């Protein structure tokens, strides 16, 4: 059953089209990723689904409710972890969760239990009474993740959940997101411009650029679509004609003692290939990455930095009025 | 301005009240966690009372301002000043909340937008009321201002009406403005005329006609007059008119604030 249905959604900011005739269905229980460079329209799409922005044309149903006609029912169905810090610095982690519980309609009798569970889920039980000013970036994100889920929404939106975190904190947060998804009946939609993040977390990925979906598939099939694994072998005199005859070898290039091959299921067939290679000095096997997929589809590299190129969240939010 | 729609019938009242409480409670917690905000808000009116009150009071003949000494005459005006400056600038926090995503956390909550606005407005009004209570205590102890039980209650009512009006005005400006600098500019244009043309610093009876007209159309003049009437027994317009204008001012500002808040741009 599809929990989110987007039909021909378009959002224009004066002359700029942020979301361009986008249609999409997201199924119950999946982790769905919107992958694309900064400014591709990911956050705008989420904002429309969360009723923060009205669409220019087109429609979107969230949990069966139209985002324009029934915004309150939509907001009752969702949780949101925002891109920029959205918790109150002067309050403790527990106080932030408590205020959220009140605003988002957690039953009085369940508030304490839910807060305890949430804190435990993200391992912040021992930090709950510390003011959030003293939290690290990673801890803050974890608390905000627990908060987004506190009222048991059917759908959880994560907008660039690991933006600005160091690699260790990032992988750490992935573990919590995975845990949340496997232990609960919840649908997660996340945006990211990190290839690795989309690959590790998502069941399905839509690659989005200039407000349009340019491809939609599972991470595995995306990588398969590239036509196999990449194999590089350093060797003196390979039997090129024999190798080219093998039906699982897709592409062959030999230059300056380096043999580059594209091979289906290279792990299985490597042995047979090596028999025809002769003396191999060095073998490298490299499965295709989403990066290669993105490059093939858009002809450009995704900016896989930590957002510093844009001047961090302060600058971005200052400009957000024009978004 | 307020359109009726069928979603209003589906309001979950207990949930709206809990949301209102949460938003109010947050404002209060934050206010209490930053004592500098409270201290700063008290120091300024005290300086006015002590320095300006003593300085100007020294050249005013006793009895010239309707029988009271000048500091006592000034006291209600300074209460109004505290409300004006403190509460209007409360709207600045909404712009700062916009810069991070905190406001979104509230805006995505399954609550009516009016509830969110009232929560904010009540939070700001409570902050202001705490400042006023401290000033009233200091006024009674150090400046010889006398309160009876009745005058104290009426003072609270007048102050609360003004707090709600000015906080709502601040939130309305904060909702439509995008930068703190813009907010500062607009609010200065609003706040100084409201303050100087309210009779907070001088009696309005002997003013030239053009100034008297401007003072008469300034709604804040009626709060000043009401407070003086209640605390010192000096009135110019009469309490009935004072209350009518104060209530109307609060209602109009709440409506305008709700309207602006519903159209807030992120």
### Message
When you check residue A:111 against the structure, is it within 28 Å of residue B:93 (Cβ to Cβ) and either facing chain B (nearest Cβ under 7 Å) or crowded, with 21+ Cβ neighbours inside 10 Å (or both), yes or no?
### Response
no
### Task
Name every residue in the stretch A:29-46 that is within 12 Å of another protein chain (Cβ to nearest Cβ) and under 24 Å from residue A:139 (Cα atoms), in order of residue number.
A:43, A:46
### Message
So, in the stretch A:198-213, how many residues would count as being surrounded by fewer than 20 Cβ atoms within 10 Å (Cβ to Cβ) and closer than 17 Å to residue A:29 by Cβ?
### Response
2
### Message
Anything in the stretch B:27-40 that is surrounded by 13 or more Cβ atoms within 10 Å (Cβ to Cβ) and more than 7 Å from every other protein chain (Cβ to nearest Cβ)? List them, or say none.
### Response
B:27, B:28, B:31, B:32, B:37, B:38
### Query
Within the stretch A:282-293, can one find any residue that is in contact with a helix residue (DSSP H, G or I) (Cβ under 8 Å, 6 or more places away or on another chain) and farther than 30 Å from residue A:162 by Cα?
yes
### Task
Could you tell me whether any residue of the stretch B:233-241 is crowded, with 20+ Cβ neighbours inside 10 Å and in contact (Cβ under 8 Å) with a residue 60 or more places away in the chain?
no
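Could you list, in sequence order, the residues of the stretch B:93-114 that are part of a loop (DSSP other than H, G, I, E, B) and under 19 Å from residue B:17 (Cα atoms)?
Initially, the stretch B:93-114 is screened for residues part of a loop (DSSP other than H, G, I, E, B), giving B:100-101, B:108-112.
Answer for the stretch B:93-114, where residues must be part of a loop (DSSP other than H, G, I, E, B) and under 19 Å from residue B:17 (Cα atoms): B:108, B:109, B:110, B:111, B:112.
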### Query
Quick check, is residue A:140 crowded, with 24+ Cβ neighbours inside 10 Å and either touching a helix residue (DSSP H, G or I) at 6+ places or on another chain (Cβ under 7 Å) or within 12 Å of chain B (Cβ to nearest Cβ) (or both)?
no
### Query
Applying the selection to the stretch B:237-247, what residues are assigned to a helix (DSSP H, G or I) and over 14 Å from the mean Cα position of the chain (by Cα)?
B:239, B:240, B:241, B:242, B:243, B:244, B:245
### Filter pass, residue A:17 being under 25 Å from residue B:262 (Cβ atoms) and either within 13 Å of chain B (Cβ to nearest Cβ) or touching a residue at least 40 places away in the same chain (Cβ under 8 Å) (or both)
no
### Those residues of the stretch B:227-266 which are under 30 Å from residue B:105 (Cα atoms) and in contact with a helix residue (DSSP H, G or I) (Cβ under 6 Å, 6 or more places away or on another chain), in sequence order
B:250, B:253, B:254, B:256, B:257, B:258, B:260, B:261, B:262, B:264
### Query
Looking only at residues in the stretch A:55-69 that are in a loop (DSSP other than H, G, I, E, B) and buried (at least 19 other Cβ atoms within 10 Å of the Cβ), which one is farthest from the other protein chains (Cβ to nearest Cβ)?
A:55
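Per-residue answers, yes or no, for (1) within 14 Å of another protein chain (Cβ to nearest Cβ); (2) surrounded by 23 or more Cβ atoms within 10 Å (Cβ to Cβ):
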| position | (1), (2) |
| --- | --- |
| B:98 | yes, yes |
| B:107 | yes, no |
| B:111 | yes, yes |
| B:119 | yes, yes |
| B:126 | no, no |
| B:133 | no, no |
| B:138 | no, no |
### Query
Taking the stated definitions as given, is residue A:118 out of contact with any strand residue (DSSP E or B) (no Cβ under 9 Å at 6 or more places or on another chain) and at pLDDT below 90?
no
### Task
Taking residue B:46 as the residue in question, decide whether it is away from chain A (no Cβ under 14 Å), out of contact with any helix residue (DSSP H, G or I) (no Cβ under 6 Å at 6 or more places or on another chain), touching a residue at least 60 places away in the same chain (Cβ under 8 Å) and assigned to a helix (DSSP H, G or I).
yes
### Message
Every residue in the stretch A:74-103 that is within 10 Å of chain B (Cβ to nearest Cβ) and over 25 Å from the mean Cα position of the chain (by Cα), please.
### Response
A:88, A:89, A:90, A:91, A:92, A:95, A:96, A:98, A:99, A:101, A:102, A:103
### Which numbered condition residue A:38 misses (of (1) surrounded by 15 or more Cβ atoms within 10 Å (Cβ to Cβ); (2) assigned to a strand (DSSP E or B))
(2)
### Task
At least 1 residues that are more than 26 Å from residue B:59 (Cβ to Cβ), within 17 Å of the chain's Cα centre (by Cα) and at pLDDT below 95 in each: list the helices (runs of 4 or more DSSP H) lying fully within the stretch B:124-234 that qualify.
B:149-176, B:180-196
### Task
Determine if the stretch B:68-79 includes at least one residue that is more than 11 Å from chain A (Cβ to nearest Cβ), touching a strand residue (DSSP E or B) at 6+ places or on another chain (Cβ under 8 Å), surrounded by 19 or more Cβ atoms within 10 Å (Cβ to Cβ) and modelled with pLDDT of 80 or more.
yes
### Message
Checking the conditions here, which among A:262, A:187, A:191 is out of contact with any helix residue (DSSP H, G or I) (no Cβ under 8 Å at 6 or more places or on another chain) and under 26 Å from residue A:154 (Cα atoms)?
### Response
A:187
### Query
Taking the stretch B:3-26 as the search range and keeping residues that are modelled with pLDDT of 90 or more and more than 8 Å from every other protein chain (Cβ to nearest Cβ), which one is surrounded by the most Cβ atoms within 10 Å (Cβ to Cβ)?
B:20
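The values are calculated or read from the model by the stated rules, or taken from the named source; none is laboratory data. As the structure is a computational prediction, the values presented were derived from the model and not from experiment. Because the Cβ atoms are built from the backbone with ideal geometry, glycine has one as well, and the counts that use them run over all protein chains shown.
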